[in-house]
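The values are calculated or read from the model by the stated rules, or taken from the named source; none is laboratory data. Small disclaimer: the values here were computed from a predicted structure and weren't measured. Neighbour counts run over all protein chains shown; Cβ positions are idealised from the backbone, glycine included. In case anyone asks, the SASA skips ligands and DNA or RNA and just uses the protein heavy atoms, side chains included. Shrake-Rupley method; radii C 1.70, N 1.55, O 1.52, S 1.80 Å.
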Amino acid sequence: MADLGPPADVVIVGAGVVGAACAYYAARAGLYVAVVEAGTIAGGTTGSGEGNLLVSDKEPGPELDLALASLRLWAELAEDIEADVEYEPKGGVVVAETPDGLAALTKLADSQRSYGVLAEPADGADLAELEPHLAPGLAGGVHYPQDAQVQPMLAAAWLLRRAREEGAQVHTGVRVVGIDRGAGGRVIGVTTSAGRLAADAVVNAAGTWSGEVAALAGVALPIQPRRGFILVTEPLPPLVRHKVYDADYVANVASSSAGLETSTVVEGTRGGTILIGASRERVGFDRTLSVPVLARLAAQAVRLFPFLERVSAIRAYRGFRPYLPDHLPVIGPDPRVEGLFHACGHEGAGVGLAPVTGSLVAAALTGTEPAVDLRAFRADRFDDDSPPRGSLSYEEQQGR
(Lines give C-alpha, C1' and ligand atoms only; values in the text may rest on other atoms or scores of the structure.)
Protein backbone atom coordinates (compact mmCIF):
# COMPACT_ATOMS: atom_id res chain seq x y z
CA MET A 1 0.00 0.00 0.00
CA ALA A 2 1.30 3.46 -0.93
CA ASP A 3 1.97 6.17 1.62
CA LEU A 4 -0.72 8.81 2.09
CA GLY A 5 1.92 11.45 2.74
CA PRO A 6 5.33 12.06 4.31
CA PRO A 7 5.91 10.93 7.91
CA ALA A 8 4.28 13.22 10.46
CA ASP A 9 5.04 14.07 14.05
CA VAL A 10 1.37 13.46 14.84
CA VAL A 11 -1.71 12.20 13.03
CA ILE A 12 -5.01 13.62 14.28
CA VAL A 13 -8.03 11.45 13.53
CA GLY A 14 -11.06 13.70 13.08
CA ALA A 15 -11.66 17.19 11.67
CA GLY A 16 -14.43 18.40 13.94
CA VAL A 17 -13.79 21.42 16.09
CA VAL A 18 -11.84 19.41 18.72
CA GLY A 19 -9.58 17.79 16.14
CA ALA A 20 -9.16 21.16 14.45
CA ALA A 21 -8.11 22.75 17.74
CA CYS A 22 -5.61 19.93 18.35
CA ALA A 23 -4.17 20.53 14.88
CA TYR A 24 -3.99 24.28 15.44
CA TYR A 25 -2.17 24.14 18.77
CA ALA A 26 0.11 21.24 17.77
CA ALA A 27 1.14 23.01 14.56
CA ARG A 28 1.76 26.23 16.49
CA ALA A 29 4.00 24.22 18.83
CA GLY A 30 6.20 23.34 15.86
CA LEU A 31 4.94 19.82 15.14
CA TYR A 32 4.33 18.52 11.63
CA VAL A 33 0.63 17.61 11.74
CA ALA A 34 -1.51 15.44 9.48
CA VAL A 35 -5.30 15.42 9.96
CA VAL A 36 -7.30 12.47 8.64
CA GLU A 37 -11.08 12.81 8.40
CA ALA A 38 -13.45 10.13 7.11
CA GLY A 39 -16.07 12.64 5.99
CA THR A 40 -15.93 16.40 5.68
CA ILE A 41 -14.64 19.14 7.95
CA ALA A 42 -17.15 19.61 10.81
CA GLY A 43 -19.38 16.98 9.21
CA GLY A 44 -20.23 15.14 12.45
CA THR A 45 -21.24 16.44 15.86
CA THR A 46 -19.62 19.84 15.29
CA GLY A 47 -21.91 20.64 12.38
CA SER A 48 -24.99 19.58 14.33
CA GLY A 49 -24.56 21.79 17.37
CA GLU A 50 -25.34 25.32 18.47
CA GLY A 51 -21.77 26.47 19.05
CA ASN A 52 -22.14 27.17 22.76
CA LEU A 53 -19.23 28.26 24.96
CA LEU A 54 -20.73 27.75 28.41
CA VAL A 55 -19.81 27.83 32.05
CA SER A 56 -23.41 28.16 33.24
CA ASP A 57 -24.31 24.48 32.77
CA LYS A 58 -21.27 23.03 34.55
CA GLU A 59 -21.09 22.02 38.18
CA PRO A 60 -17.90 22.76 40.14
CA GLY A 61 -15.23 20.21 39.33
CA PRO A 62 -12.82 19.20 36.56
CA GLU A 63 -15.10 20.12 33.63
CA LEU A 64 -15.73 23.62 34.99
CA ASP A 65 -11.95 24.05 35.32
CA LEU A 66 -11.68 23.16 31.64
CA ALA A 67 -14.52 25.48 30.65
CA LEU A 68 -13.06 28.52 32.41
CA ALA A 69 -9.65 27.91 30.86
CA SER A 70 -11.22 27.41 27.45
CA LEU A 71 -13.25 30.62 27.65
CA ARG A 72 -10.02 32.52 28.20
CA LEU A 73 -8.53 30.88 25.11
CA TRP A 74 -11.65 31.63 23.05
CA ALA A 75 -11.36 35.29 24.07
CA GLU A 76 -7.73 35.30 22.88
CA LEU A 77 -8.68 33.63 19.61
CA ALA A 78 -11.55 36.06 19.13
CA GLU A 79 -9.10 38.91 18.65
CA ASP A 80 -8.24 37.27 15.32
CA ILE A 81 -11.39 35.40 14.39
CA GLU A 82 -14.45 37.20 15.77
CA ALA A 83 -15.88 38.14 12.38
CA ASP A 84 -14.82 34.88 10.76
CA VAL A 85 -16.64 32.56 13.20
CA GLU A 86 -19.52 34.77 14.49
CA TYR A 87 -18.09 34.90 18.00
CA GLU A 88 -20.64 36.51 20.34
CA PRO A 89 -19.88 37.01 24.05
CA LYS A 90 -23.59 37.57 24.66
CA GLY A 91 -23.96 35.83 28.01
CA GLY A 92 -26.57 33.37 29.21
CA VAL A 93 -29.71 33.55 31.29
CA VAL A 94 -30.96 30.53 33.22
CA VAL A 95 -34.54 30.80 34.48
CA ALA A 96 -36.61 28.93 37.04
CA GLU A 97 -40.39 28.65 36.86
CA THR A 98 -40.94 27.66 40.50
CA PRO A 99 -39.50 28.71 43.88
CA ASP A 100 -38.06 25.22 44.36
CA GLY A 101 -36.38 25.42 40.97
CA LEU A 102 -34.99 28.83 41.84
CA ALA A 103 -33.61 27.56 45.14
CA ALA A 104 -31.74 24.76 43.35
CA LEU A 105 -30.46 27.16 40.69
CA THR A 106 -29.30 29.63 43.32
CA LYS A 107 -27.43 26.89 45.17
CA LEU A 108 -25.65 25.88 41.95
CA ALA A 109 -24.77 29.49 41.16
CA ASP A 110 -23.33 29.99 44.64
CA SER A 111 -21.04 26.98 44.20
CA GLN A 112 -20.01 28.08 40.70
CA ARG A 113 -19.18 31.55 41.99
CA SER A 114 -16.59 30.06 44.31
CA TYR A 115 -14.82 28.71 41.18
CA GLY A 116 -14.63 32.12 39.52
CA VAL A 117 -17.86 32.01 37.50
CA LEU A 118 -19.75 35.28 37.17
CA ALA A 119 -23.29 34.39 38.24
CA GLU A 120 -25.63 37.31 38.91
CA PRO A 121 -29.02 36.71 40.59
CA ALA A 122 -31.96 38.02 38.57
CA ASP A 123 -35.46 38.65 39.90
CA GLY A 124 -38.54 39.23 37.75
CA ALA A 125 -37.66 42.84 36.98
CA ASP A 126 -34.09 41.88 36.10
CA LEU A 127 -35.28 39.14 33.76
CA ALA A 128 -37.63 41.56 31.99
CA GLU A 129 -34.70 43.92 31.42
CA LEU A 130 -32.37 41.16 30.25
CA GLU A 131 -34.99 39.51 28.01
CA PRO A 132 -38.02 41.74 27.37
CA HIS A 133 -39.92 38.99 25.52
CA LEU A 134 -39.70 36.37 28.27
CA ALA A 135 -42.95 35.02 29.68
CA PRO A 136 -44.03 36.86 32.84
CA GLY A 137 -44.38 35.18 36.21
CA LEU A 138 -41.10 33.28 36.36
CA ALA A 139 -39.72 32.75 39.85
CA GLY A 140 -36.33 34.21 38.91
CA GLY A 141 -33.04 33.28 37.37
CA VAL A 142 -29.31 33.80 37.08
CA HIS A 143 -27.40 35.85 34.53
CA TYR A 144 -24.07 34.38 33.34
CA PRO A 145 -22.13 37.13 31.49
CA GLN A 146 -19.27 34.78 30.51
CA ASP A 147 -21.34 32.49 28.29
CA ALA A 148 -20.72 32.98 24.57
CA GLN A 149 -21.41 31.46 21.16
CA VAL A 150 -19.62 30.78 17.88
CA GLN A 151 -20.70 29.29 14.56
CA PRO A 152 -19.09 25.84 15.07
CA MET A 153 -18.47 24.87 11.44
CA LEU A 154 -16.79 28.19 10.74
CA ALA A 155 -14.69 27.77 13.90
CA ALA A 156 -13.45 24.33 12.85
CA ALA A 157 -12.66 25.57 9.34
CA TRP A 158 -10.77 28.61 10.68
CA LEU A 159 -8.66 26.53 13.08
CA LEU A 160 -7.73 24.10 10.31
CA ARG A 161 -6.93 26.93 7.94
CA ARG A 162 -4.53 28.39 10.49
CA ALA A 163 -3.04 24.94 11.11
CA ARG A 164 -2.42 24.61 7.35
CA GLU A 165 -0.63 27.96 7.39
CA GLU A 166 1.71 26.37 9.95
CA GLY A 167 2.37 23.43 7.61
CA ALA A 168 -0.35 20.95 8.60
CA GLN A 169 -1.85 18.61 6.00
CA VAL A 170 -5.58 17.80 6.01
CA HIS A 171 -6.96 14.69 4.30
CA THR A 172 -10.77 14.50 4.03
CA GLY A 173 -12.78 11.56 2.75
CA VAL A 174 -10.11 9.21 4.14
CA ARG A 175 -10.94 6.59 6.80
CA VAL A 176 -8.48 5.32 9.37
CA VAL A 177 -8.79 1.53 9.27
CA GLY A 178 -5.85 0.63 11.49
CA ILE A 179 -3.49 2.09 14.06
CA ASP A 180 -0.02 0.71 13.38
CA ARG A 181 2.19 -0.34 16.28
CA GLY A 182 5.85 -1.27 16.27
CA ALA A 183 8.29 -2.83 18.70
CA GLY A 184 6.95 -2.85 22.24
CA GLY A 185 3.50 -1.87 21.01
CA ARG A 186 4.32 1.79 20.40
CA VAL A 187 2.23 3.67 17.84
CA ILE A 188 4.12 4.22 14.58
CA GLY A 189 1.32 5.57 12.38
CA VAL A 190 -2.01 4.71 10.81
CA THR A 191 -3.33 2.71 7.91
CA THR A 192 -6.07 4.53 6.00
CA SER A 193 -8.37 3.82 3.09
CA ALA A 194 -5.96 5.85 0.95
CA GLY A 195 -2.63 4.54 2.20
CA ARG A 196 -0.34 4.40 5.19
CA LEU A 197 0.84 7.41 7.16
CA ALA A 198 3.81 7.09 9.48
CA ALA A 199 3.77 9.17 12.66
CA ASP A 200 5.30 9.33 16.11
CA ALA A 201 1.89 9.86 17.71
CA VAL A 202 -1.83 9.53 16.97
CA VAL A 203 -4.54 11.72 18.49
CA ASN A 204 -8.00 10.18 18.61
CA ALA A 205 -10.38 13.12 18.06
CA ALA A 206 -13.09 11.20 16.23
CA GLY A 207 -16.02 12.40 18.33
CA THR A 208 -18.86 9.92 18.58
CA TRP A 209 -16.75 7.34 16.73
CA SER A 210 -13.77 7.62 19.07
CA GLY A 211 -14.57 4.32 20.78
CA GLU A 212 -14.14 2.50 17.50
CA VAL A 213 -10.91 4.37 16.73
CA ALA A 214 -9.56 3.45 20.17
CA ALA A 215 -10.43 -0.18 19.47
CA LEU A 216 -8.14 -0.06 16.43
CA ALA A 217 -5.29 0.40 18.93
CA GLY A 218 -6.59 -2.43 21.12
CA VAL A 219 -8.01 -0.26 23.93
CA ALA A 220 -11.55 0.47 25.09
CA LEU A 221 -13.41 3.77 25.46
CA PRO A 222 -17.12 3.39 26.35
CA ILE A 223 -18.30 6.27 24.15
CA GLN A 224 -21.92 6.14 23.01
CA PRO A 225 -24.00 8.43 20.79
CA ARG A 226 -26.54 10.63 22.59
CA ARG A 227 -29.00 12.01 20.04
CA GLY A 228 -30.34 15.55 20.10
CA PHE A 229 -32.65 17.66 17.93
CA ILE A 230 -32.68 21.40 17.19
CA LEU A 231 -35.45 23.47 15.62
CA VAL A 232 -34.55 26.53 13.55
CA THR A 233 -36.98 29.42 13.02
CA GLU A 234 -37.36 31.85 10.17
CA PRO A 235 -34.99 34.87 10.37
CA LEU A 236 -36.27 37.54 12.76
CA PRO A 237 -35.18 40.88 14.19
CA PRO A 238 -33.12 40.48 17.40
CA LEU A 239 -35.69 39.29 19.95
CA VAL A 240 -33.66 36.88 22.11
CA ARG A 241 -30.54 38.57 23.44
CA HIS A 242 -28.84 35.74 25.36
CA LYS A 243 -28.73 31.98 25.43
CA VAL A 244 -31.80 31.36 27.58
CA TYR A 245 -32.67 28.03 29.14
CA ASP A 246 -34.61 26.64 32.04
CA ALA A 247 -33.06 25.13 35.14
CA ASP A 248 -33.94 21.57 34.02
CA TYR A 249 -31.27 21.82 31.33
CA VAL A 250 -28.42 21.50 33.84
CA ALA A 251 -29.99 18.37 35.34
CA ASN A 252 -30.46 16.84 31.87
CA VAL A 253 -26.84 17.50 30.93
CA ALA A 254 -25.69 15.68 34.07
CA SER A 255 -28.18 12.82 33.72
CA SER A 256 -27.08 9.33 32.68
CA SER A 257 -30.56 8.21 31.61
CA ALA A 258 -30.83 6.52 28.24
CA GLY A 259 -34.43 7.68 27.83
CA LEU A 260 -35.69 10.87 26.23
CA GLU A 261 -35.14 14.05 28.24
CA THR A 262 -36.00 17.55 27.08
CA SER A 263 -35.49 21.03 28.48
CA THR A 264 -36.14 24.48 27.11
CA VAL A 265 -33.23 26.19 25.35
CA VAL A 266 -33.74 29.25 23.15
CA GLU A 267 -31.12 31.48 21.56
CA GLY A 268 -30.71 33.77 18.59
CA THR A 269 -27.99 33.72 15.95
CA ARG A 270 -26.22 36.51 14.14
CA GLY A 271 -28.16 35.55 11.00
CA GLY A 272 -31.50 36.22 12.73
CA THR A 273 -32.73 32.65 13.13
CA ILE A 274 -33.60 31.31 16.58
CA LEU A 275 -32.34 27.90 17.68
CA ILE A 276 -34.64 25.82 19.89
CA GLY A 277 -33.59 22.74 21.88
CA ALA A 278 -32.69 20.65 23.71
CA SER A 279 -33.30 16.90 23.70
CA ARG A 280 -31.15 13.99 24.82
CA GLU A 281 -31.61 10.26 24.30
CA ARG A 282 -29.41 7.24 23.72
CA VAL A 283 -30.84 5.39 20.72
CA GLY A 284 -27.64 4.32 18.99
CA PHE A 285 -27.03 5.97 15.63
CA ASP A 286 -30.73 6.15 14.75
CA ARG A 287 -31.16 9.27 12.59
CA THR A 288 -34.96 9.08 12.40
CA LEU A 289 -36.56 12.51 12.63
CA SER A 290 -38.90 12.43 15.62
CA VAL A 291 -41.87 14.77 15.14
CA PRO A 292 -43.14 14.22 18.72
CA VAL A 293 -39.78 15.36 20.11
CA LEU A 294 -39.78 18.43 17.87
CA ALA A 295 -43.35 19.23 18.93
CA ARG A 296 -42.34 19.01 22.58
CA LEU A 297 -39.38 21.33 22.03
CA ALA A 298 -41.60 23.85 20.23
CA ALA A 299 -44.22 23.81 22.99
CA GLN A 300 -41.59 24.30 25.68
CA ALA A 301 -40.06 27.22 23.79
CA VAL A 302 -43.45 28.92 23.38
CA ARG A 303 -44.04 28.61 27.12
CA LEU A 304 -40.79 30.50 27.75
CA PHE A 305 -41.12 32.99 24.87
CA PRO A 306 -44.82 33.36 23.93
CA PHE A 307 -44.09 35.32 20.73
CA LEU A 308 -42.67 32.13 19.20
CA GLU A 309 -46.22 30.80 18.79
CA ARG A 310 -46.53 33.15 15.79
CA VAL A 311 -43.14 32.21 14.29
CA SER A 312 -42.49 29.56 11.63
CA ALA A 313 -39.91 26.82 12.03
CA ILE A 314 -38.08 26.43 8.73
CA ARG A 315 -36.00 23.34 9.45
CA ALA A 316 -34.82 20.87 12.06
CA TYR A 317 -31.64 18.87 12.39
CA ARG A 318 -30.18 16.22 14.62
CA GLY A 319 -26.77 15.14 15.82
CA PHE A 320 -25.06 12.73 18.19
CA ARG A 321 -23.15 13.85 21.26
CA PRO A 322 -20.18 11.63 22.27
CA TYR A 323 -21.37 10.49 25.70
CA LEU A 324 -19.22 8.93 28.43
CA PRO A 325 -20.71 7.53 31.66
CA ASP A 326 -19.10 10.12 33.96
CA HIS A 327 -19.78 13.06 31.58
CA LEU A 328 -16.10 14.00 31.42
CA PRO A 329 -13.98 13.92 28.25
CA VAL A 330 -10.87 11.85 27.69
CA ILE A 331 -7.86 14.11 27.15
CA GLY A 332 -4.16 13.37 26.91
CA PRO A 333 -1.88 10.33 26.56
CA ASP A 334 -3.30 6.84 26.88
CA PRO A 335 -1.19 5.03 29.51
CA ARG A 336 -2.07 1.71 27.88
CA VAL A 337 -0.50 2.43 24.47
CA GLU A 338 2.60 4.55 24.05
CA GLY A 339 2.11 7.19 21.39
CA LEU A 340 -1.71 7.16 21.54
CA PHE A 341 -3.47 10.31 22.70
CA HIS A 342 -7.16 11.13 23.05
CA ALA A 343 -9.27 14.27 22.67
CA CYS A 344 -12.83 13.01 22.74
CA GLY A 345 -15.97 12.33 24.77
CA HIS A 346 -16.95 15.97 25.34
CA GLU A 347 -20.66 15.21 24.88
CA GLY A 348 -22.38 18.55 24.16
CA ALA A 349 -19.46 20.74 25.28
CA GLY A 350 -16.96 20.03 22.52
CA VAL A 351 -17.12 23.45 20.88
CA GLY A 352 -16.68 25.27 24.17
CA LEU A 353 -13.87 22.99 25.35
CA ALA A 354 -12.07 22.70 22.01
CA PRO A 355 -9.30 25.29 22.57
CA VAL A 356 -8.31 24.05 26.01
CA THR A 357 -8.39 20.46 24.77
CA GLY A 358 -6.18 21.33 21.81
CA SER A 359 -3.72 23.22 23.98
CA LEU A 360 -3.55 20.39 26.53
CA VAL A 361 -2.96 17.77 23.85
CA ALA A 362 -0.25 19.92 22.27
CA ALA A 363 1.39 20.26 25.68
CA ALA A 364 1.30 16.48 26.17
CA LEU A 365 2.75 15.89 22.71
CA THR A 366 5.65 18.25 23.33
CA GLY A 367 6.30 17.28 26.94
CA THR A 368 5.20 20.66 28.29
CA GLU A 369 3.53 21.05 31.67
CA PRO A 370 -0.27 21.09 31.12
CA ALA A 371 -2.25 24.11 32.27
CA VAL A 372 -4.95 21.84 33.76
CA ASP A 373 -4.53 18.64 35.79
CA LEU A 374 -5.34 15.78 33.41
CA ARG A 375 -5.86 12.99 35.95
CA ALA A 376 -9.66 13.26 35.86
CA PHE A 377 -9.60 12.77 32.09
CA ARG A 378 -7.43 9.62 31.90
CA ALA A 379 -8.40 7.15 29.20
CA ASP A 380 -8.03 4.08 31.41
CA ARG A 381 -10.49 5.18 34.08
CA PHE A 382 -13.19 2.93 32.58
CA ASP A 383 -11.13 -0.24 32.35
CA ASP A 384 -13.31 -2.10 34.85
CA ASP A 385 -16.42 -1.32 32.80
CA SER A 386 -17.65 -3.25 29.80
CA PRO A 387 -17.57 -0.78 26.90
CA PRO A 388 -20.97 -0.41 25.20
CA ARG A 389 -21.09 -0.16 21.45
CA GLY A 390 -23.25 1.68 18.95
CA SER A 391 -25.53 -0.11 16.55
CA LEU A 392 -23.24 0.24 13.52
CA SER A 393 -19.70 -0.83 12.81
CA TYR A 394 -16.96 1.79 12.56
CA GLU A 395 -16.79 1.55 8.76
CA GLU A 396 -20.59 1.74 8.46
CA GLN A 397 -20.66 4.84 10.69
CA GLN A 398 -17.85 6.51 8.77
CA GLY A 399 -19.69 5.83 5.54
CA ARG A 400 -22.66 7.83 6.79
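So the values come out like this:
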{"read-out": "Test: residue in segment 236-259 that is part of a loop (DSSP other than H, G, I, E, B), in contact (Cβ under 8 Å) with a residue 24 or more places away in the chain, polar (S, T, N, Q) and farther than 27 Å from Leu328 by Cα", "value": "no"}
{"read-out": "Selection count where residues are at pLDDT 95 or above and either touching a Lys or Arg at 6+ places or on another chain (Cβ under 6 Å) or open to solvent by less than 30 Å² (accessible area, probe 1.4 Å) (or both), scope segment 34-45", "value": "7"}
{"read-out": "Restricting segment 78-100 to residues that are in contact with a Lys or Arg (Cβ under 8 Å, 6 or more places away or on another chain) and in a loop (DSSP other than H, G, I, E, B), the residue that is farthest from Val244 (Cα to Cα)", "value": "Glu86"}
{"read-out": "Out of Leu54, Leu31, sole residue that is in contact with an Asp or Glu (Cβ under 9 Å, 6 or more places away or on another chain), in contact (Cβ under 8 Å) with a residue 60 or more places away in the chain, open to solvent by 10 Å² or more (accessible area, probe 1.4 Å) and closer than 28 Å to Leu118 by Cα", "value": "Leu54"}
{"read-out": "Scope segment 103-133; condition of a type in the set (D, E, K, R), open to solvent by 10 Å² or more (accessible area, probe 1.4 Å) and under 22 Å from Phe305 (Cα atoms); matching residues", "value": "Glu120, Asp123, Asp126, Glu129"}
{"read-out": "Members of segment 48-77 found to be outside any loop (DSSP other than H, G, I, E, B), touching a strand residue (DSSP E or B) at 6+ places or on another chain (Cβ under 9 Å) and closer than 26 Å to Gly319 by Cα, listed by number", "value": "Ser48, Asn52, Leu53, Leu66, Ala67, Ser70, Leu71, Trp74"}
{"read-out": "Selection status of His171, in a strand (DSSP E or B) and open to solvent by 10 Å² or more (accessible area, probe 1.4 Å)", "value": "yes"}
{"read-out": "Residue that is farthest from Pro235 (Cα to Cα), among those in segment 287-313 that are in contact (Cβ under 8 Å) with a residue 24 or more places away in the chain and surrounded by fewer than 17 Cβ atoms within 10 Å (Cβ to Cβ)", "value": "Arg287"}
{"read-out": "Residue within segment 191-210 that is assigned to a loop (DSSP other than H, G, I, E, B) and over 19 Å from the mean Cα position of the chain (by Cα) present", "value": "yes"}
{"read-out": "Contacts under 7 angstrom Cβ, first residue in segment 166-193 being modelled with pLDDT of 95 or more, partner of a type in the set (Phe, Trp, Tyr) and surrounded by fewer than 21 Cβ atoms within 10 Å (Cβ to Cβ), 6 or more apart", "value": "Gly167/Tyr32"}
{"read-out": "Hits in segment 211-245 - residues which are touching a Leu at 6+ places or on another chain (Cβ under 8 Å), open to solvent by less than 10 Å² (accessible area, probe 1.4 Å) and not basic (Lys, Arg)", "value": "Gly211, Ala214, Ala217, Leu221, Pro222, Ile223, Phe229, Val232, Thr233, Val244"}
{"read-out": "Residue in segment 254-282 that is farthest from Arg226 (Cα to Cα), counting only those that are of a type in the set (A, V, I, L, M, F, W, C) and open to solvent by less than 60 Å² (accessible area, probe 1.4 Å)", "value": "Ile274"}
{"read-out": "Filter pass, Ala69 being at pLDDT 95 or above and either farther than 17 Å from Gly345 by Cα or among the hydroxyl-bearing types (Ser, Thr, Tyr) (or both)", "value": "yes"}
